[in-house]
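Student: For reference, the structure I am asking about is given below.
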Amino acid sequence: MSIKIPRGTKDILPEDSAKWQYIEKTAADICRNYQYEEIRTPIFESSELFLRGVGDTTDIVQKEMYVFEDQGGRSLALRPEGTASVVRSFVENKMFGAANQPVKLYYTGPMFRYERPQAGRYRQFVQFGIEALGSEDPAIDAEVISIAMEIYRQLGLKELKLVINTLGDNESRKAHREALIAHFEPRIGEFCSDCQNRLEKNPLRILDCKKDRDHELMKTAPSILDFLNEESKNYFDKVQKYLGEMEISFEVDPTLVRGLDYYNHTAFEIMSSAEGFGAITTLCGGGRYNGLVEMIGGPATPGIGFAFSIERLLAALEAEAVELPVQTELDCYIVTMGEEAKDHSVKLLHKLRQAGLSAERDYLDRKIKTQFKSADRMNAKLVAVLGEDELKENKINLKDMSTGEQQQVDLDVFVEEVKKYRA
Ligand code: HAM
(Lines give C-alpha, C1' and ligand atoms only; values in the text may rest on other atoms or scores of the structure.)
Protein backbone atom coordinates (compact mmCIF):
# COMPACT_ATOMS: atom_id res chain seq x y z
CA MET A 1 0.00 0.00 0.00
CA SER A 2 1.35 3.43 -0.88
CA ILE A 3 1.90 5.95 1.87
CA LYS A 4 -0.46 8.91 1.82
CA ILE A 5 -0.10 12.47 3.10
CA PRO A 6 -1.45 12.90 6.68
CA ARG A 7 -5.10 13.96 6.94
CA GLY A 8 -5.56 17.72 7.06
CA THR A 9 -2.23 18.53 5.41
CA LYS A 10 -1.40 19.62 1.87
CA ASP A 11 1.53 19.55 -0.51
CA ILE A 12 2.24 22.87 -2.12
CA LEU A 13 3.22 21.93 -5.64
CA PRO A 14 5.44 23.99 -7.95
CA GLU A 15 2.48 25.47 -9.85
CA ASP A 16 1.23 26.95 -6.56
CA SER A 17 4.42 27.74 -4.71
CA ALA A 18 5.00 30.87 -6.81
CA LYS A 19 1.70 32.22 -5.43
CA TRP A 20 2.83 31.45 -1.90
CA GLN A 21 6.12 33.24 -2.45
CA TYR A 22 4.32 36.22 -3.94
CA ILE A 23 1.92 36.48 -0.99
CA GLU A 24 4.64 36.06 1.61
CA LYS A 25 6.81 38.69 -0.08
CA THR A 26 3.95 41.17 -0.49
CA ALA A 27 2.94 40.80 3.16
CA ALA A 28 6.55 41.07 4.39
CA ASP A 29 7.25 44.16 2.23
CA ILE A 30 4.15 45.89 3.57
CA CYS A 31 5.11 45.05 7.14
CA ARG A 32 8.60 46.44 6.65
CA ASN A 33 7.10 49.69 5.39
CA TYR A 34 5.24 49.91 8.68
CA GLN A 35 8.53 49.21 10.49
CA TYR A 36 7.76 45.63 11.53
CA GLU A 37 10.73 43.24 11.50
CA GLU A 38 10.75 39.50 11.02
CA ILE A 39 11.03 37.07 13.91
CA ARG A 40 11.45 33.30 13.55
CA THR A 41 10.69 31.06 16.49
CA PRO A 42 10.75 27.25 16.82
CA ILE A 43 7.92 25.11 15.51
CA PHE A 44 7.69 23.33 18.85
CA GLU A 45 7.64 24.88 22.29
CA SER A 46 7.14 23.73 25.84
CA SER A 47 3.42 22.70 26.14
CA GLU A 48 3.21 24.84 29.25
CA LEU A 49 3.62 27.97 27.11
CA PHE A 50 0.31 27.38 25.33
CA LEU A 51 -1.52 26.20 28.47
CA ARG A 52 -0.62 29.49 30.09
CA GLY A 53 -0.69 31.70 27.03
CA VAL A 54 -3.57 30.51 24.85
CA GLY A 55 -5.57 29.30 27.88
CA ASP A 56 -6.40 25.86 29.26
CA THR A 57 -10.14 26.28 28.70
CA THR A 58 -9.82 26.89 24.96
CA ASP A 59 -10.58 24.25 22.33
CA ILE A 60 -7.15 24.87 20.84
CA VAL A 61 -5.39 23.73 24.01
CA GLN A 62 -7.95 21.22 25.26
CA LYS A 63 -8.66 19.38 22.06
CA GLU A 64 -6.47 20.46 19.20
CA MET A 65 -2.88 20.53 20.35
CA TYR A 66 -0.26 18.09 19.10
CA VAL A 67 1.52 17.31 22.35
CA PHE A 68 4.39 14.88 22.63
CA GLU A 69 7.11 13.90 25.03
CA ASP A 70 10.68 14.12 23.79
CA GLN A 71 13.39 11.60 24.64
CA GLY A 72 14.31 13.67 27.67
CA GLY A 73 10.79 13.43 29.08
CA ARG A 74 9.86 17.07 28.34
CA SER A 75 6.30 17.83 27.29
CA LEU A 76 6.42 19.73 24.02
CA ALA A 77 3.73 20.93 21.64
CA LEU A 78 3.70 21.75 17.96
CA ARG A 79 2.73 25.42 18.02
CA PRO A 80 -1.00 25.93 17.38
CA GLU A 81 -0.45 29.68 16.85
CA GLY A 82 2.33 32.25 16.87
CA THR A 83 1.52 34.86 19.51
CA ALA A 84 2.52 32.86 22.59
CA SER A 85 5.87 31.97 20.98
CA VAL A 86 6.58 35.57 20.01
CA VAL A 87 5.76 36.72 23.53
CA ARG A 88 7.99 34.01 24.99
CA SER A 89 10.83 35.19 22.78
CA PHE A 90 10.12 38.83 23.64
CA VAL A 91 10.48 38.00 27.34
CA GLU A 92 13.43 35.63 26.99
CA ASN A 93 15.40 38.04 24.81
CA LYS A 94 14.47 41.04 26.97
CA MET A 95 13.09 42.91 23.99
CA PHE A 96 11.19 45.10 26.45
CA GLY A 97 14.55 46.81 26.94
CA ALA A 98 15.15 47.42 23.21
CA ALA A 99 15.83 50.98 22.08
CA ASN A 100 12.98 50.99 19.56
CA GLN A 101 9.60 50.81 21.24
CA PRO A 102 7.03 49.51 20.60
CA VAL A 103 8.64 46.30 19.37
CA LYS A 104 7.01 45.48 16.05
CA LEU A 105 7.39 41.97 14.68
CA TYR A 106 6.04 39.83 11.88
CA TYR A 107 6.30 36.11 11.29
CA THR A 108 5.25 33.42 8.93
CA GLY A 109 5.28 29.66 9.29
CA PRO A 110 3.33 26.47 9.82
CA MET A 111 0.94 26.06 12.77
CA PHE A 112 -0.70 22.81 13.87
CA ARG A 113 -4.18 22.12 15.19
CA TYR A 114 -5.89 18.76 15.42
CA GLU A 115 -9.16 19.98 13.93
CA ARG A 116 -11.75 18.24 11.80
CA PRO A 117 -10.43 18.90 8.31
CA GLN A 118 -12.70 20.64 5.82
CA ALA A 119 -12.36 23.34 3.17
CA GLY A 120 -10.32 26.14 4.75
CA ARG A 121 -9.49 24.11 7.84
CA TYR A 122 -6.30 22.11 7.97
CA ARG A 123 -4.22 20.39 10.60
CA GLN A 124 -1.12 22.10 9.33
CA PHE A 125 -1.59 25.60 7.94
CA VAL A 126 0.67 28.58 7.42
CA GLN A 127 -0.02 31.75 9.32
CA PHE A 128 1.31 35.18 8.52
CA GLY A 129 1.07 37.31 11.62
CA ILE A 130 2.27 40.47 13.31
CA GLU A 131 2.63 41.54 16.93
CA ALA A 132 3.23 45.05 18.31
CA LEU A 133 4.44 44.98 21.91
CA GLY A 134 4.90 47.89 24.27
CA SER A 135 2.26 50.45 23.34
CA GLU A 136 -1.22 51.00 24.61
CA ASP A 137 -2.12 53.69 22.12
CA PRO A 138 -5.38 52.98 20.27
CA ALA A 139 -3.58 54.23 17.15
CA ILE A 140 -1.52 51.03 17.25
CA ASP A 141 -4.73 48.98 17.29
CA ALA A 142 -5.89 50.86 14.21
CA GLU A 143 -2.47 50.45 12.59
CA VAL A 144 -2.48 46.69 13.16
CA ILE A 145 -5.96 46.34 11.65
CA SER A 146 -4.98 48.58 8.74
CA ILE A 147 -1.97 46.40 7.93
CA ALA A 148 -4.14 43.32 7.50
CA MET A 149 -6.53 45.29 5.30
CA GLU A 150 -3.63 46.73 3.30
CA ILE A 151 -2.14 43.29 2.64
CA TYR A 152 -5.50 42.08 1.35
CA ARG A 153 -6.00 45.26 -0.69
CA GLN A 154 -2.61 45.05 -2.35
CA LEU A 155 -3.20 41.41 -3.21
CA GLY A 156 -6.44 42.39 -4.93
CA LEU A 157 -9.17 41.26 -2.51
CA LYS A 158 -12.22 43.49 -2.46
CA GLU A 159 -15.05 41.57 -0.87
CA LEU A 160 -14.09 41.86 2.74
CA LYS A 161 -15.93 42.52 5.95
CA LEU A 162 -14.07 43.84 8.99
CA VAL A 163 -15.79 43.15 12.30
CA ILE A 164 -14.50 44.65 15.51
CA ASN A 165 -15.42 44.38 19.16
CA THR A 166 -13.98 45.27 22.50
CA LEU A 167 -13.61 42.87 25.37
CA GLY A 168 -12.85 45.74 27.74
CA ASP A 169 -10.20 45.98 30.41
CA ASN A 170 -9.99 43.70 33.46
CA GLU A 171 -12.57 45.64 35.45
CA SER A 172 -15.11 45.65 32.60
CA ARG A 173 -14.46 41.99 31.88
CA LYS A 174 -15.00 41.10 35.52
CA ALA A 175 -18.38 42.83 35.60
CA HIS A 176 -19.33 41.15 32.31
CA ARG A 177 -18.16 37.78 33.58
CA GLU A 178 -20.41 38.01 36.63
CA ALA A 179 -23.37 38.94 34.46
CA LEU A 180 -22.66 35.99 32.17
CA ILE A 181 -22.53 33.56 35.09
CA ALA A 182 -25.82 34.92 36.44
CA HIS A 183 -27.33 34.58 32.96
CA PHE A 184 -26.29 30.99 32.22
CA GLU A 185 -26.15 29.42 35.68
CA PRO A 186 -29.88 28.70 36.20
CA ARG A 187 -30.05 26.68 32.97
CA ILE A 188 -26.48 25.47 32.60
CA GLY A 189 -27.75 21.87 32.70
CA GLU A 190 -29.10 22.38 29.18
CA PHE A 191 -25.60 23.05 27.85
CA CYS A 192 -22.80 20.70 26.81
CA SER A 193 -20.29 19.43 29.35
CA ASP A 194 -17.61 21.79 28.01
CA CYS A 195 -19.87 24.78 28.67
CA GLN A 196 -20.69 23.48 32.13
CA ASN A 197 -16.98 23.37 32.90
CA ARG A 198 -16.49 26.82 31.41
CA LEU A 199 -19.21 28.47 33.53
CA GLU A 200 -16.95 29.20 36.48
CA LYS A 201 -13.58 29.09 34.76
CA ASN A 202 -14.28 31.23 31.73
CA PRO A 203 -17.95 31.95 30.94
CA LEU A 204 -17.03 34.07 27.91
CA ARG A 205 -15.97 30.86 26.18
CA ILE A 206 -19.61 29.66 26.33
CA LEU A 207 -20.44 32.31 23.73
CA ASP A 208 -17.97 30.66 21.39
CA CYS A 209 -19.37 27.12 21.80
CA LYS A 210 -20.04 25.42 18.48
CA LYS A 211 -22.47 22.85 19.90
CA ASP A 212 -24.75 25.20 21.82
CA ARG A 213 -24.64 28.19 19.55
CA ASP A 214 -28.41 28.03 18.79
CA HIS A 215 -29.52 27.89 22.43
CA GLU A 216 -31.93 30.76 23.17
CA LEU A 217 -29.79 32.00 26.07
CA MET A 218 -26.99 32.69 23.61
CA LYS A 219 -29.03 35.37 21.88
CA THR A 220 -30.03 37.11 25.11
CA ALA A 221 -26.61 36.90 26.77
CA PRO A 222 -25.39 40.17 28.31
CA SER A 223 -23.28 42.21 25.93
CA ILE A 224 -19.83 43.41 26.92
CA LEU A 225 -20.69 46.83 25.51
CA ASP A 226 -23.05 47.36 28.48
CA PHE A 227 -20.30 46.66 30.99
CA LEU A 228 -17.50 48.82 29.66
CA ASN A 229 -16.05 51.29 32.10
CA GLU A 230 -15.24 54.81 30.95
CA GLU A 231 -11.66 54.02 30.07
CA SER A 232 -12.50 50.96 27.98
CA LYS A 233 -15.26 52.81 26.21
CA ASN A 234 -12.98 55.73 25.38
CA TYR A 235 -10.34 53.36 24.15
CA PHE A 236 -12.74 51.60 21.81
CA ASP A 237 -14.14 54.93 20.60
CA LYS A 238 -10.63 56.05 19.66
CA VAL A 239 -9.91 52.85 17.73
CA GLN A 240 -13.12 53.39 15.76
CA LYS A 241 -12.30 57.04 15.18
CA TYR A 242 -8.85 56.19 13.78
CA LEU A 243 -10.26 53.49 11.52
CA GLY A 244 -12.75 56.06 10.27
CA GLU A 245 -9.92 58.50 9.57
CA MET A 246 -8.16 55.86 7.50
CA GLU A 247 -11.45 55.26 5.67
CA ILE A 248 -11.52 51.62 6.67
CA SER A 249 -15.11 50.44 6.93
CA PHE A 250 -16.05 48.14 9.76
CA GLU A 251 -18.95 46.75 11.76
CA VAL A 252 -19.12 46.49 15.52
CA ASP A 253 -20.25 43.04 16.64
CA PRO A 254 -20.55 42.74 20.43
CA THR A 255 -20.84 38.94 20.14
CA LEU A 256 -17.42 38.56 18.53
CA VAL A 257 -15.46 36.28 20.83
CA ARG A 258 -12.09 35.02 19.77
CA GLY A 259 -10.99 31.41 20.25
CA LEU A 260 -8.05 32.28 22.48
CA ASP A 261 -8.11 33.51 26.07
CA TYR A 262 -5.49 36.23 26.05
CA TYR A 263 -7.58 39.02 24.58
CA ASN A 264 -8.84 42.24 26.13
CA HIS A 265 -9.89 45.58 24.64
CA THR A 266 -9.86 45.39 20.82
CA ALA A 267 -10.74 42.13 19.07
CA PHE A 268 -11.32 41.85 15.34
CA GLU A 269 -11.87 39.49 12.45
CA ILE A 270 -11.83 39.96 8.72
CA MET A 271 -14.20 37.79 6.72
CA SER A 272 -14.60 37.15 3.04
CA SER A 273 -18.00 38.18 1.74
CA ALA A 274 -17.29 36.71 -1.70
CA GLU A 275 -20.13 34.65 -3.07
CA GLY A 276 -19.35 30.96 -3.12
CA PHE A 277 -16.70 31.23 -0.42
CA GLY A 278 -16.91 28.18 1.85
CA ALA A 279 -18.66 27.88 5.20
CA ILE A 280 -15.65 29.17 7.09
CA THR A 281 -15.46 32.81 6.12
CA THR A 282 -12.96 34.17 8.64
CA LEU A 283 -9.74 35.08 6.90
CA CYS A 284 -7.91 36.85 9.69
CA GLY A 285 -8.23 37.24 13.45
CA GLY A 286 -6.50 39.36 16.02
CA GLY A 287 -6.73 41.59 19.00
CA ARG A 288 -5.12 43.16 22.01
CA TYR A 289 -3.59 41.05 24.76
CA ASN A 290 -2.41 43.32 27.57
CA GLY A 291 -1.37 40.96 30.39
CA LEU A 292 -0.01 38.12 28.26
CA VAL A 293 3.61 39.20 28.63
CA GLU A 294 3.23 39.15 32.41
CA MET A 295 1.56 35.76 32.26
CA ILE A 296 4.60 34.41 30.45
CA GLY A 297 6.99 35.88 33.01
CA GLY A 298 7.87 39.32 31.63
CA PRO A 299 7.19 42.84 32.88
CA ALA A 300 3.71 44.28 32.31
CA THR A 301 3.66 45.10 28.60
CA PRO A 302 0.67 45.72 26.37
CA GLY A 303 0.44 43.98 23.00
CA ILE A 304 -1.72 43.56 19.94
CA GLY A 305 -1.51 41.57 16.72
CA PHE A 306 -3.25 39.45 14.15
CA ALA A 307 -2.71 36.32 12.08
CA PHE A 308 -4.21 34.96 8.90
CA SER A 309 -3.60 31.73 7.08
CA ILE A 310 -2.28 31.76 3.57
CA GLU A 311 -4.57 28.81 2.75
CA ARG A 312 -7.70 30.85 3.45
CA LEU A 313 -6.27 33.88 1.70
CA LEU A 314 -5.69 31.79 -1.43
CA ALA A 315 -9.24 30.48 -1.21
CA ALA A 316 -10.55 34.05 -1.02
CA LEU A 317 -8.44 35.08 -4.00
CA GLU A 318 -9.88 32.17 -5.92
CA ALA A 319 -13.45 33.03 -4.89
CA GLU A 320 -12.92 36.58 -6.22
CA ALA A 321 -11.13 35.26 -9.33
CA VAL A 322 -8.03 37.35 -8.59
CA GLU A 323 -4.99 36.30 -10.62
CA LEU A 324 -1.69 37.00 -8.90
CA PRO A 325 1.07 38.27 -11.21
CA VAL A 326 3.24 35.20 -10.88
CA GLN A 327 3.86 34.22 -14.49
CA THR A 328 7.54 33.49 -14.88
CA GLU A 329 9.68 34.50 -17.81
CA LEU A 330 12.89 33.04 -19.11
CA ASP A 331 15.58 35.40 -20.39
CA CYS A 332 17.06 32.96 -22.85
CA TYR A 333 16.58 29.40 -24.10
CA ILE A 334 19.49 27.89 -26.02
CA VAL A 335 18.44 25.62 -28.87
CA THR A 336 21.29 23.45 -30.12
CA MET A 337 21.82 21.51 -33.32
CA GLY A 338 24.44 18.79 -33.27
CA GLU A 339 26.69 17.25 -30.67
CA GLU A 340 29.38 19.95 -30.69
CA ALA A 341 26.87 22.76 -30.22
CA LYS A 342 25.24 20.87 -27.40
CA ASP A 343 28.59 20.51 -25.62
CA HIS A 344 29.35 24.19 -26.12
CA SER A 345 26.00 25.23 -24.71
CA VAL A 346 27.06 24.00 -21.26
CA LYS A 347 29.56 26.82 -21.03
CA LEU A 348 27.21 29.42 -22.54
CA LEU A 349 24.38 28.52 -20.21
CA HIS A 350 26.69 28.75 -17.24
CA LYS A 351 27.86 32.22 -18.30
CA LEU A 352 24.30 33.47 -18.70
CA ARG A 353 23.35 32.21 -15.28
CA GLN A 354 26.47 33.67 -13.70
CA ALA A 355 25.44 37.01 -15.15
CA GLY A 356 22.17 36.72 -13.19
CA LEU A 357 20.06 35.79 -16.20
CA SER A 358 17.53 32.98 -16.27
CA ALA A 359 18.47 30.45 -18.90
CA GLU A 360 17.63 26.92 -19.95
CA ARG A 361 18.39 24.30 -22.62
CA ASP A 362 17.22 20.86 -23.59
CA TYR A 363 18.50 17.79 -21.76
CA LEU A 364 16.52 15.10 -23.54
CA ASP A 365 18.00 15.24 -27.05
CA ARG A 366 14.80 16.67 -28.42
CA LYS A 367 14.30 17.80 -32.02
CA ILE A 368 14.73 21.48 -32.84
CA LYS A 369 10.99 22.04 -33.20
CA THR A 370 10.38 20.51 -29.80
CA GLN A 371 13.15 22.61 -28.28
CA PHE A 372 11.38 25.72 -29.61
CA LYS A 373 8.13 24.47 -28.10
CA SER A 374 9.80 24.10 -24.71
CA ALA A 375 11.16 27.64 -25.02
CA ASP A 376 7.64 28.86 -25.72
CA ARG A 377 6.18 27.02 -22.77
CA MET A 378 8.78 28.62 -20.53
CA ASN A 379 7.96 32.09 -21.86
CA ALA A 380 11.45 32.63 -23.23
CA LYS A 381 12.09 36.21 -24.29
CA LEU A 382 14.97 35.12 -26.48
CA VAL A 383 15.90 31.91 -28.18
CA ALA A 384 19.57 31.48 -29.04
CA VAL A 385 20.20 28.95 -31.81
CA LEU A 386 23.60 27.33 -31.98
CA GLY A 387 24.58 24.95 -34.80
CA GLU A 388 27.86 23.57 -36.12
CA ASP A 389 28.15 26.35 -38.76
CA GLU A 390 27.63 29.17 -36.28
CA LEU A 391 30.07 27.58 -33.90
CA LYS A 392 32.77 27.48 -36.57
CA GLU A 393 32.33 31.22 -37.09
CA ASN A 394 32.17 31.87 -33.36
CA LYS A 395 28.61 33.21 -33.74
CA ILE A 396 25.13 32.47 -32.40
CA ASN A 397 21.65 33.35 -33.71
CA LEU A 398 19.35 35.30 -31.42
CA LYS A 399 15.62 35.33 -31.97
CA ASP A 400 13.45 37.85 -30.16
CA MET A 401 10.33 35.82 -29.41
CA SER A 402 8.02 38.82 -29.08
CA THR A 403 8.88 40.40 -32.48
CA GLY A 404 10.28 37.41 -34.36
CA GLU A 405 13.36 39.46 -35.27
CA GLN A 406 16.62 37.60 -35.67
CA GLN A 407 20.23 38.64 -35.53
CA GLN A 408 23.59 36.95 -35.47
CA VAL A 409 25.96 37.98 -32.70
CA ASP A 410 29.53 37.16 -31.78
CA LEU A 411 29.77 34.49 -29.09
CA ASP A 412 32.12 36.80 -27.15
CA VAL A 413 29.37 39.38 -26.69
CA PHE A 414 26.49 36.91 -26.41
CA VAL A 415 25.86 37.44 -22.68
CA GLU A 416 25.94 41.23 -23.11
CA GLU A 417 23.42 41.00 -25.96
CA VAL A 418 21.03 38.85 -23.91
CA LYS A 419 21.30 41.33 -21.06
CA LYS A 420 20.06 44.14 -23.34
CA TYR A 421 16.70 42.42 -23.56
CA ARG A 422 16.26 42.39 -19.83
CA ALA A 423 14.17 45.51 -19.49
P1 HAM B 1 -6.85 32.49 15.31
O2 HAM B 1 -8.14 33.20 15.12
O3 HAM B 1 -6.88 31.24 16.08
O4 HAM B 1 -5.87 33.54 15.98
O5 HAM B 1 -6.21 32.20 13.91
C6 HAM B 1 -5.94 33.24 13.01
C7 HAM B 1 -6.19 32.80 11.59
O8 HAM B 1 -5.49 31.59 11.31
C9 HAM B 1 -7.63 32.47 11.24
O10 HAM B 1 -8.37 33.63 10.99
C11 HAM B 1 -7.43 31.64 9.99
O12 HAM B 1 -7.11 32.46 8.87
C13 HAM B 1 -6.19 30.86 10.33
N14 HAM B 1 -6.51 29.51 10.82
C15 HAM B 1 -6.78 29.13 12.07
N16 HAM B 1 -7.00 27.80 12.13
C17 HAM B 1 -6.86 27.34 10.86
C18 HAM B 1 -6.96 26.05 10.26
N19 HAM B 1 -7.21 24.97 10.98
N20 HAM B 1 -6.76 25.95 8.92
C21 HAM B 1 -6.49 27.04 8.17
N22 HAM B 1 -6.38 28.27 8.69
C23 HAM B 1 -6.56 28.43 10.01
C24 HAM B 1 -4.57 33.31 16.28
O25 HAM B 1 -3.95 32.34 15.93
C26 HAM B 1 -3.91 34.46 17.02
N27 HAM B 1 -2.52 34.07 17.34
C28 HAM B 1 -3.96 35.73 16.22
C29 HAM B 1 -3.33 36.87 16.92
C30 HAM B 1 -2.10 37.36 16.74
N31 HAM B 1 -3.88 37.56 17.90
C32 HAM B 1 -3.03 38.48 18.32
N33 HAM B 1 -1.93 38.35 17.64
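The values are calculated or read from the model by the stated rules, or taken from the named source; none is laboratory data. Everything numeric in this text was worked out from a predicted model, so none of it was measured. Every residue, glycine among them, receives a Cβ derived from its backbone with ideal geometry; neighbour counts consider all protein chains shown. Protein only, heavy atoms only, side chains kept; ligands, DNA and RNA dropped before computing areas. Shrake-Rupley method; radii C 1.70, N 1.55, O 1.52, S 1.80 Å.
Student: When both residues are 6+ apart or on different chains and their Cβ atoms are under 6 Å apart, which pairs have a first residue that lies in region 128-142 and is farther than 11 Å from Thr301 by Cβ, and a second that is open to solvent by 40 Å² or more (accessible area, probe 1.4 Å)?
Tutor: Pairs that qualify, where the first residue is farther than 11 Å from Thr301 by Cβ and the partner is open to solvent by 40 Å² or more (accessible area, probe 1.4 Å), are Phe128/Thr108; Pro138/Lys238; Ala139/Tyr242; Ala142/Tyr242.
Student: Would you tally the residues in region 271-291 being more than 9 Å from the ligand (Cβ to nearest atom) and open to solvent by less than 20 Å² (accessible area, probe 1.4 Å)?
Tutor: Residues that pass the stated criteria total 2.
Student: For residues that are at pLDDT below 95 and aromatic (Phe, Trp, Tyr), scanning just region 229-270, find the one that is surrounded by the most Cβ atoms within 10 Å (Cβ to Cβ).
Tutor: Restricting attention to region 229-270, the residues satisfying the condition of being at pLDDT below 95 are 253-264.
Checking which are aromatic (Phe, Trp, Tyr) leaves us with 262-263.
Details: Tyr262: 23, Tyr263: 27.
Result: Tyr263.
Student: Can you spot a residue in region 80-101 that is part of a loop (DSSP other than H, G, I, E, B), touching a residue at least 40 places away in the same chain (Cβ under 8 Å), in contact with a Leu (Cβ under 9 Å, 6 or more places away or on another chain) and aliphatic (A, V, I, L, M)?
Tutor: Checking region 80-101: not a single residue is part of a loop (DSSP other than H, G, I, E, B), touching a residue at least 40 places away in the same chain (Cβ under 8 Å), in contact with a Leu (Cβ under 9 Å, 6 or more places away or on another chain) and aliphatic (A, V, I, L, M).
Student: To continue, here is another question. With the requirement that a residue be among the β-branched types (Val, Ile, Thr), assigned by TED's automatic domain parsing to the domain that holds Met149 and under 18 Å from Tyr263 (Cβ atoms), what does region 203-249 give you?
Tutor: Going residue by residue through region 203-249, those that are among the β-branched types (Val, Ile, Thr) are 206, 220, 224, 239, 248.
Retained after the next criterion (residues that are assigned by TED's automatic domain parsing to the domain that holds Met149): 239, 248.
Matches in region 203-249: Val239 only.
Student: Another question, then. Can you tell me which condition Leu49 does not meet? The list is (1) open to solvent by 60 Å² or more (accessible area, probe 1.4 Å); (2) in a helix (DSSP H, G or I); (3) touching a Lys or Arg at 6+ places or on another chain (Cβ under 9 Å), and all the others hold.
Tutor: Of the numbered conditions (1) open to solvent by 60 Å² or more (accessible area, probe 1.4 Å); (2) in a helix (DSSP H, G or I); (3) touching a Lys or Arg at 6+ places or on another chain (Cβ under 9 Å), the odd one out for Leu49 is (1).
Student: Please pick out the residue among Thr57, Thr26, Thr41 that is among the hydroxyl-bearing types (Ser, Thr, Tyr), touching a residue at least 40 places away in the same chain (Cβ under 8 Å), out of contact with any strand residue (DSSP E or B) (no Cβ under 6 Å at 6 or more places or on another chain) and in a helix (DSSP H, G or I). So that I can check it myself, show each step before the final result.
Tutor: Working: Thr57 fails: in a helix (DSSP H, G or I); Thr41 fails: in a helix (DSSP H, G or I).
It is Thr26.
Student: Hey, does region 186-208 have a residue that's of a type in the set (Asp, Glu) and either closer than 30 Å to Glu318 by Cβ or part of a loop (DSSP other than H, G, I, E, B) (or both)? Before the answer, list the steps.
Tutor: Pass one, region 186-208, residues of a type in the set (Asp, Glu): 190, 194, 200, 208.
Subset that is either closer than 30 Å to Glu318 by Cβ or part of a loop (DSSP other than H, G, I, E, B) (or both): 208.
So far as region 186-208 goes, yes, one or more of its residues are of a type in the set (Asp, Glu) and either closer than 30 Å to Glu318 by Cβ or part of a loop (DSSP other than H, G, I, E, B) (or both).
Student: On the given criteria, is Leu314 farther than 30 Å from Gly97 by Cα, buried (at least 18 other Cβ atoms within 10 Å of the Cβ) and within 29 Å of the chain's Cα centre (by Cα)? Steps first, please.
Tutor: Details: farther than 30 Å from Gly97 by Cα: yes; buried (at least 18 other Cβ atoms within 10 Å of the Cβ): yes; within 29 Å of the chain's Cα centre (by Cα): yes.
So Leu314 passes the test.
Student: Suppose we keep only residues that are touching a Leu at 6+ places or on another chain (Cβ under 9 Å) and of a type in the set (A, V, I, L, M) within region 325-351. Which one would you say is most open to solvent (accessible area, probe 1.4 Å)?
Tutor: Among those that are touching a Leu at 6+ places or on another chain (Cβ under 9 Å) and of a type in the set (A, V, I, L, M), it is Met337.
Student: Continuing with the same structure: Which of (1) away from the ligand (no atom under 16 Å from the Cβ); (2) under 30 Å from Gly291 (Cβ atoms); (3) among the hydroxyl-bearing types (Ser, Thr, Tyr) is the odd one out, the single condition Ser345 does not satisfy?
Tutor: Failed condition: (2).
Student: Can you work out which of the residues in region 377-390 that are over 34 Å from the mean Cα position of the chain (by Cα) and not hydrophobic (A, V, I, L, M, F, W, C) is most open to solvent (accessible area, probe 1.4 Å)?
Tutor: The initial filter retains those residues of region 377-390 that are over 34 Å from the mean Cα position of the chain (by Cα), namely 382-390.
Still in the running and not hydrophobic (A, V, I, L, M, F, W, C): 387-390.
On the way: Gly387: 3, Glu388: 71, Asp389: 102, Glu390: 27 Å².
Across region 377-390, the extreme among qualifying residues is Asp389.
Student: Sort out which residues of region 193-212 are open to solvent by less than 50 Å² (accessible area, probe 1.4 Å) and either over 33 Å from the mean Cα position of the chain (by Cα) or hydroxyl-bearing (Ser, Thr, Tyr) (or both), and write them in order of number.
Tutor: Just the residues of region 193-212 that are open to solvent by less than 50 Å² (accessible area, probe 1.4 Å), to begin with: 194-195, 198-199, 202-207, 209, 212.
Listed by number, the list holds a single entry, Leu199.
Student: Right, here's the next one. Look at region 126-146 and say how many of its residues are within 10 Å of Leu243 (Cα to Cα) and within 12 Å of the ligand (Cβ to nearest atom).
Tutor: 2
Student: Among the residues of region 137-161, which ones are outside any helix (DSSP H, G or I) and surrounded by 19 or more Cβ atoms within 10 Å (Cβ to Cβ)?
Tutor: Applying the first criterion (outside any helix (DSSP H, G or I)) to region 137-161 yields 137, 156-161.
Leu157, Leu160 - these are the residues of region 137-161 that are outside any helix (DSSP H, G or I) and surrounded by 19 or more Cβ atoms within 10 Å (Cβ to Cβ).
Student: I'm trying to understand the selection: among the residues of region 112-122, which are near the ligand (Cβ under 7 Å from one of its atoms) and at negative phi? Before you say what the answer is, go through the steps one by one.
Tutor: Our first condition is that a residue be near the ligand (Cβ under 7 Å from one of its atoms); within region 112-122, this holds for 113, 115, 120-122.
Listed by number, the residues that qualify are Arg113, Glu115, Arg121, Tyr122.
Student: Then there is this: Select from region 147-169 the residues that are charged (D, E, K, R), in contact with a Ser or Thr (Cβ under 8 Å, 6 or more places away or on another chain) and more than 15 Å from the ligand (Cβ to nearest atom) and write down the one among them that is nearest to Gly109 (Cα to Cα). Step through it out loud before you land on a result.
Tutor: As a first pass, look at region 147-169 and keep what is charged (D, E, K, R): 150, 153, 158-159, 161, 169.
So of that shortlist, the ones also in contact with a Ser or Thr (Cβ under 8 Å, 6 or more places away or on another chain) come out as 159, 161, 169.
Still in the running and more than 15 Å from the ligand (Cβ to nearest atom): 159, 169.
On the way: Glu159: 26, Asp169: 31 Å.
The selected residue is Glu159.
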